[in-house]
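Handing you a structure now.
The values are calculated or read from the model by the stated rules, or taken from the named source; none is laboratory data. The model shown is predicted, which means the values in this text are computed figures rather than measured ones. Every residue, glycine as well, gets a Cβ built from its backbone with ideal geometry; the counts of neighbours run over all protein chains shown.
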Amino acid sequence: MSKIRKAIDRMRAGEDLGIDRTAQKGRQRTINADGSYNMERRTGRVLGNFYLYHWLITASWRHYWLVVFGFYGIMNVIFATIYFAIGVDQLSGAEGATPAIRLMHCFFFSAQSFTTVGYGGIFPVGRLANLVATLEAFTGLMTFALATGTLYGRFSRPVSNIKYSKNAIIAPYKDITGMQFMVANEMSSSLMEMEARVNISWSEDDGSGQAIRKFAQLNLEIDKIALFPTSWILNHPIDEESVLYARSPEEIKKMDLEIFVLLKGFDDIFSQTIYSRHSFMAADFIYGAKFRKPWAINNEGRIVMDLTKVGEYDLVELPVPEMV
């Protein structure tokens with residue numbers, strides 16, 4: 001092995017992922033299934049790490065529309081209450097037999113002013129009412145400008161819908177074994193120039209009875225593919241240089257290991273680079289398995305990719321490693 005190769009391996013073995021090296025029992029996984037980090041941030045701020053624009057861009061569609069429509073309704077209720085308080089007589093056409101009807105007219109006039117529609121059936125005639133309507137129209141313009149910006153940001157933001165197999169498996173590989181997991185693109189967009197980087201973290205005694213966490217980058221059989229039309233099985237050969245070499249399932253569980261996965265590729269729809277994160281814990285490992293192929297050729301000769309079968313496996317026998 002050349003000096004350069006040895007230097008690269010030393011750098012990989014000592015690689016730090018920005019995670020504390022202190023090993024603690026009961027530690028949960030670092031990366032959730034959706035790619036987010038499983039951690040709590042304490043900033044000392046009243047709102048913590050909450051930033052409205054970031055939340056509006058990254059929140060689910062259900063929560064996004066709930067906030068948008070909720071804000072729209074609340075603002076109209078507030079302005080309707082103001083119109084009702086200063087006197088319905090300052091709104092021409094808002095008369096009603098009961099206070100509830102007059103308040104309803106105030107709400108509808110507020111909605112017209114907030115959206116700058118202004119049908120004309122109800123209009124302000126008093127100086128104070130005109131001042132409130134002017135303020136509301138300005139508030140409505142700024143609010144809808146913000147809503148339009150966040151809506152465009154949600155659509156224009158590249159999304160990496162990469163599906164990972166539920167488990168990582170220890171599978172036969174040549175005359176040894178390999179740690180493998182499967183990924184597939186859930187979207188119809190074409191991803192290309194896909195790159196994979198896989199790191200491992202485990203707990204180990206430092207010799208003084210103190211447990212510390214160590215990190216290393218795992219060598220992959222193939223860490224880059226030009227096209228990604230179906231699925232990709234990433235394989236780490238478990239040879240003598242692997243952290244997982246000759247480790248039993250019980251030993252791996254005691255190591256409290258976690259596999260960190262970072263995928264990077266180019267999305268030709270957005271013309272941007274997309275990223276995807278995932279992790280596997282020791283409890284996710286299946287020993288003695290082989291992934292099933294999640295795609296097939298139909299009668300017309302076309303490839304049919306079945307995303308529901310990504311991660312399915314069959315149990316197989318593993319070769320026994322020869323101890324040196």
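Determine, yes or no, whether Ser189 is in a loop (DSSP other than H, G, I, E, B), farther than 28 Å from Glu312 by Cβ and of a type in the set (S, T, N, Q).
no
When you look at Ser231, is it over 30 Å from Trp65 (Cβ atoms), over 19 Å from the mean Cα position of the chain (by Cα) and polar (S, T, N, Q), yes or no?
Yes; evaluated as a whole, the condition is true for this residue.
Then there is this: In the stretch 109-123, which residue that is at negative phi and surrounded by fewer than 20 Cβ atoms within 10 Å (Cβ to Cβ) is nearest to the chain's Cα centre (by Cα)?
Thr115
Among the residues of the stretch 256-272, what is the count of those that are surrounded by fewer than 18 Cβ atoms within 10 Å (Cβ to Cβ) and either in contact (Cβ under 8 Å) with a residue 24 or more places away in the chain or not assigned by TED's automatic domain parsing to the domain that holds Leu220 (or both)?
Counting residues in the stretch 256-272 that are surrounded by fewer than 18 Cβ atoms within 10 Å (Cβ to Cβ) and either in contact (Cβ under 8 Å) with a residue 24 or more places away in the chain or not assigned by TED's automatic domain parsing to the domain that holds Leu220 (or both) gives 7.
Of the numbered conditions (1) in a strand (DSSP E or B); (2) modelled with pLDDT of 90 or more; (3) over 21 Å from Val159 (Cβ atoms), Leu263 fails exactly one; give the number of that condition.
For Leu263, the failing item is (3).
Here is a yes/no grid of residues against (1) assigned to a loop (DSSP other than H, G, I, E, B); (2) among the hydrophobic types (A, V, I, L, M, F, W, C):
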position	(1), (2)
Lys166	yes, no
Gly178	no, no
Phe181	no, yes
Glu193	no, no
Val198	no, yes
Ser203	no, no
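If you scan the stretch 271-289, which residues turn out to be more than 22 Å from the chain's Cα centre (by Cα) and within 12 Å of Ser165 (Cβ to Cβ)?
Phe285, Ile286, Ala289, listed by residue number.
Does Ala133 qualify as being farther than 24 Å from Leu103 by Cα, within 42 Å of the chain's Cα centre (by Cα), in the same structural domain as Tyr72 (by TED's automatic domain parsing) and surrounded by 16 or more Cβ atoms within 10 Å (Cβ to Cβ)?
no
Okay, moving on. Within the stretch 291-321, which residues are more than 25 Å from Lys166 (Cβ to Cβ) and either aliphatic (A, V, I, L, M) or outside any loop (DSSP other than H, G, I, E, B) (or both)?
Those that are more than 25 Å from Lys166 (Cβ to Cβ) and either aliphatic (A, V, I, L, M) or outside any loop (DSSP other than H, G, I, E, B) (or both): Ile297, Val320.
Consider Phe181 carefully, then state whether it is within 21 Å of the chain's Cα centre (by Cα) and within 18 Å of Ala283 (Cβ to Cβ).
Answer is yes for this residue.
Let me ask something else. Please pick out the residue among Tyr152, Tyr164 that is surrounded by fewer than 16 Cβ atoms within 10 Å (Cβ to Cβ) and not charged (D, E, K, R).
On inspection, the qualifying residue turns out to be Tyr152.
Could you list, in sequence order, the residues of the stretch 63-98 that are at pLDDT below 90, exposed (fewer than 14 other Cβ atoms within 10 Å of the Cβ) and part of a helix (DSSP H, G or I)?
Asp89
If you check Glu322, Glu251, which single one turns out to be charged (D, E, K, R), modelled with pLDDT under 90 and closer than 23 Å to Arg213 by Cβ?
The conditions single out Glu251.
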